[in-house]
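Data block below; observations after.
The values are calculated or read from the model by the stated rules, or taken from the named source; none is laboratory data. Predicted model, so just to flag it, every value in this text is computed and none were measured. Heads up, the Cβs are rebuilt from the backbone with ideal geometry, glycines too, and the neighbour counts pull from every protein chain shown. Note: areas computed on protein heavy atoms with side chains; ligands, DNA, RNA excluded. Shrake-Rupley method; radii C 1.70, N 1.55, O 1.52, S 1.80 Å.
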Amino acid sequence: AQRVTQPEKLLSVFKGAPVELKCNYSYSGSPELFWYVQYSRQRLQLLLRHISRESIKGFTADLNKGETSFHLKKPFAQEEDSAMYYCALSGGETSGSRLTFGEGTQLTVNP
Amino acid sequence: EPEVTQTPSHQVTQMGQEVILRCVPISNHLYFYWYRQILGQKVEFLVSFYNNEISEKSEIFDDQFSVERPDGSNFTLKIRSTKLEDSAMYFCASSGTSGRPILYNEQFFGPGTRLTVL
C-alpha cells in the first residue's frame, strides 16, 4: 500500500525566514514524488516533482530514499508563499498513475 | 493556457438522488481522473480512465459510482443514489499526451465541484 504523511497541519513563519514542509512516504517500489500547491480560491497545481530536480519559486525538494522523505524547502519565505501544500506519490507502472496525497500543510508567511 | 473546467461549481442534492458531475479535460490529454476531498480530510483518488475504459479504481469507487466520456470532450462522474457521506469536493484531473510514459505526466486539476447531500 502507498501512503503519504505530512505531520504538520499548520506552519507559520515570518517573511524572510527559512521554511521546511515535511513529507514522509511508504511505498514498496520506486515512487514518483510531487508537491502540489493550492493558493486561496485557486485550483491544485503542480509545484515540483522529484524527477525534474528543479527549483520552482525558490522551492526545492530532495528525495531521500533512506529516510523515505521528500521535504519541501525554501531558504527565504515570501508572503505570497502562503498556501496549502500537498505532498503526493505516484507508484510505478504496475500500479498506474493514481496520486496518493498527504493531509496537506497550511503555510502562513507573516509580514 | 488550457485548463480543466468543471460544472457546476456547487451542487446541492437530497439523499438518494442521482447527481452527475461534469468535467471538460484539456483537449489533447489522454488520461482522466476523479478525486474527492471530504472537508478536513485528504484528497483521495476515485478512478482513472484511459482509452474509453476505467484503468484503475479505488475501494471508494463502488457500484454507486460510474464514469463516462459521452462525446469526446466531457468526462462525467455519476453517483446513482447519493448518501450523506458523499458530501465532498470532487476534483477532475487530466494528463498525458502520447509519447510519454504515464508516470511522468503532470496531472492538471479542475477547480472542483462542491457536492452537498442533505
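Quick notes
- In the range B:79-98, the qualifying residues are those that are aliphatic (A, V, I, L, M) and touching an Asp or Glu at 6+ places or on another chain (Cβ under 9 Å), and the one that is farthest from B:LEU115 (Cα to Cα) is B:ILE79.
- Scanning the range A:39-57 for residues that are touching a Phe, Trp or Tyr at 6+ places or on another chain (Cβ under 7 Å) and surrounded by 13 or more Cβ atoms within 10 Å (Cβ to Cβ) yields A:ARG43, A:LEU44, A:GLN45, A:LEU46, A:LEU47, A:LEU48, A:ARG49, A:HIS50.
- Residue count for the range A:11-52, restricted to those that are within 13 Å of chain B (Cβ to nearest Cβ) and not aromatic (Phe, Trp, Tyr): 21.
- Which listed residue, of A:LEU89, A:LEU46, is in contact (Cβ under 8 Å) with a residue 24 or more places away in the chain and either in a strand (DSSP E or B) or of a type outside the set (S, T, N, Q) (or both): A:LEU89
- Subset of the range B:64-83 that is without any contact (Cβ under 8 Å) to a residue 60 or more places away in the chain and not in a loop (DSSP other than H, G, I, E, B) - its residue that is surrounded by the most Cβ atoms within 10 Å (Cβ to Cβ): B:PHE75
- Matching residues in the range B:84-98 - criterion: being away from chain A (no Cβ under 11 Å), touching a residue at least 60 places away in the same chain (Cβ under 8 Å) and closer than 26 Å to A:LEU46 by Cβ: B:TYR90, B:SER94, B:THR97, B:SER98
- Here A:VAL4 passes the criteria (1) open to solvent by 10 Å² or more (accessible area, probe 1.4 Å); (2) more than 19 Å from B:PHE108 (Cβ to Cβ); (3) part of a strand (DSSP E or B) except the one numbered (1).
- Matching residues in the range B:60-85 - criterion: being under 13 Å from B:TYR33 (Cα atoms) and aliphatic (A, V, I, L, M): B:VAL67, B:LEU77
- You will find that of B:PHE49, B:PHE61, the residue that is modelled with pLDDT of 95 or more, open to solvent by 10 Å² or more (accessible area, probe 1.4 Å), within 17 Å of A:LEU99 (Cβ to Cβ) and within 13 Å of the chain's Cα centre (by Cα) is B:PHE61 and no other.
- Qualifying residue in the range B:42-65 (condition: touching a His at 6+ places or on another chain (Cβ under 6 Å) and within 14 Å of another protein chain (Cβ to nearest Cβ)): no
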